[in-house]
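**Student:** Have a look at this one before I ask anything.
Laboratory data are not the source of any read-out in this text; all were calculated from the coordinates shown. Predicted model, so just to flag it, every value in this text is computed and none were measured. Note: ideal-geometry Cβ built from the backbone for every residue, glycine included; neighbour counts use all protein chains shown.
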Amino acid sequence: MPEKAIVFIIGAGRSGTSALTRVLSLCGCTLPEAVRGSHSDNPKGYWEPVEGAMLNRSFEIQHGTFASDPTVRFQECALEEQVKEDFVRQLQSFLSRCPRADALVVKNPSITTLMQFWLEAARREGFSTKVAICIRHPGEWHASMASMGKRGGVTMSVEWANAAWLKLNLLAERYSRGLPRVFIEYRNLVADWRAQIPRLQNALAIELTPDETAIDEFLTPGLYRQRCAGAIKETFGYSWTRRVYEALRLAARDRPLDVDALDEIYQAYHAFERSFRMANEEFEAFKAVASARNPNTLAENATVWIAGRDF
C-alpha cells in the first residue's frame, strides 16, 4: 500500500495560508470534505476544514489561548497526559474520515501552536507528514490583521502584531524541524506562482499537476491587498522581528536557514515575554486588591504596600 502524504499549511494566519492551500488543491492535492467558504475577510475562501478548526478552537478556549495570543503561556503549561491523549484522538478521528488521497492538505492557523498534537494524530493514521510554512512581511501582516480586526471592533497595535507575528513564525519553524518542509513567501506566490511549484514538489516530494487557468483566475493581484516593502517597525528594543523575517525570507528563496539565530531569538523572546507577563499579572492582582479595599485611596494603598506596612 503506497504511503499517503499529509501537507500541513502553517505559519501566521493572513500570510497567504488560504491562497497556498487553494493553489495546492488546484494542483491535484486533496482537501478535507467540508471546508470554510468565502467571507468579507477572505473573499476567495479559507479552504480549511470546518471540523478541524472547531476542534482547535475548542481546545484553545479550554486552555485560555488563541492563534494570535502573543504569549508563550500555552507552551509553558504542563498538560495532563489524558488531556493530550483525548485531543490527539479527536484529531485522529477527524483525519481518519478525510479522503485518502496521495496528498491531503490541511490548513488552520491554530495548527501552528498545536502542532505536536496534529503530528501525533497524523503519525497514528499512517500519514507521511510534510509542512509548508507561509511567511509575510510583518508590516503587511499587521495591516491585514488590523483591517480584519477593525471590522470586528478590535484594534491591533503594532506592539501586539509584532509579538504575535514573531511568536507564530518562530514556532512554525521550530515545530517543523526534521520534517520535509518548504518556506513560501506570500508576495512570491502571488507574483509568480509557477516558480513556487517546483520548490514545493522538490521539498515535499509530492507530485503536482497545476490547472494553470484555474490558478490564474484564483490568484489575482487583487488578492494581495496589503503591501509593504518599507522598514520593519521594531517594538522590543532589539531587531528580533527584522532578523526573523530576513532569515525566513531567505529560506523562501532556498538560501540556508540560520537556525542558531532563530533559537537565540526564541529564547530571548520567551524570557522577555514571560517576565513582563508575570510582572504585569502580579501588578494587576495587587491593584485589584488595593482598589477593592478602598477605591478612593488607591495611591495611598500603594504607598503603604510598598512601605511594607500593608497587603
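**Student:** Sum -39500 (n - 2.57) across every DSSP H segment of at least 4 residues in the chain, then divide by the residue count to get the 222 nm mean residue ellipticity, nearest 500.
**Tutor:** It comes out at -16500 deg cm²/dmol, rounded to the nearest 500.
**Student:** Still on this structure, please answer the following. Anyone know which of His39, His270, His142 comes out most mobile in the 10 Å Cα GNM of the chain?
**Tutor:** Of the options given, His39 has the highest mean-square fluctuation.
**Student:** Relative to the longest principal axis of the chain, what angle (0 to 90°, nearest 10) does the C-alpha long axis of helix 259-293 take?
**Tutor:** The answer is roughly 40 degrees.
**Student:** While we're here: Looking at the chain, I'd like the Rg to Rh ratio, where Rg is from alpha-carbon atoms and Rh is Kirkwood's inverse mean 1/r. Can you show the working numbers first?
**Tutor:** On the way: Rg = 21.5 Å, Rh = 21.0 Å.
In the chain, Rg relative to Rh is 1.02.
**Student:** A further question follows. Could you please report the charge total around Val158, scoring K, R as +1 and D, E as -1 over all other residues with beta-carbon less than 11 angstrom from its beta-carbon? Spell out each step's value before the answer.
**Tutor:** Numbers: positive: Lys233; negative: Glu159, Glu234.
Net of charged neighbours comes to -1.
**Student:** For the stretch 113-253, take every pair of Cα atoms, bin their distances at 5 Å starting from 0, and report each bin as a whole percent.
**Tutor:** With a bin width of 5 Å, the distribution comes to 2, 8, 16, 18, 18, 17, 13, 6, 2, 0.
**Student:** Can you give me the distance in nm between label points at Ser96 and Leu250, each placed 7 Å from the Cα along the Cα-to-Cβ direction?
**Tutor:** Rounded to a tenth, the inter-label distance reads 4.6 nm.
**Student:** Among Val50, Val182, Val106, determine the one that fluctuates most according to a GNM of the chain built with springs between C-alpha atoms less than 10 Å apart.
**Tutor:** Val50
**Student:** Moving on. Between the helical axis of 240-251 and the dominant principal axis of the chain, each derived from Cα atoms, what acute angle in degrees is found, rounded to the nearest 10?
**Tutor:** 10
**Student:** At 4 °C and 1.567 mPa s, grab the translational diffusion coefficient of the stretch 41-173 from Stokes-Einstein with a Kirkwood Rh over Cα pairs, rounded to a whole number in µm² per second.
**Tutor:** Numbers: Rh = 16.2 Å.
Approximately 80 µm²/s, per Stokes-Einstein.
**Student:** Take Thr209 and Glu281, extend 7 Å from each Cα along the Cα→Cβ direction, and tell me the distance between the two endpoints in nm.
**Tutor:** 5.3
**Student:** Oh, and also: Compute the helix-to-body angle for 81-96: its Cα long axis versus the longest principal axis of the chain, expressed 0 to 90° and rounded to tens.
**Tutor:** 30
**Student:** Restricting attention to the stretch 5-81, which trypsin sites (Lys or Arg not before Pro) occupy a DSSP loop and are surrounded by at most 11 other Cβ atoms within 10 Å? Spell out each step's value before the answer.
**Tutor:** On the way: sites: Arg14, Arg22, Arg36, Lys44, Arg57, Arg73; in loops: Arg14, Arg36, Lys44.
Hits after loop and neighbour filter: nothing returned.
**Student:** What's the percent breakdown of Cα-Cα distances in the stretch 1-67 across 10 Å bins, shortest bin first?
**Tutor:** With a bin width of 10 Å, the distribution comes to 18, 48, 28, 6, 0.
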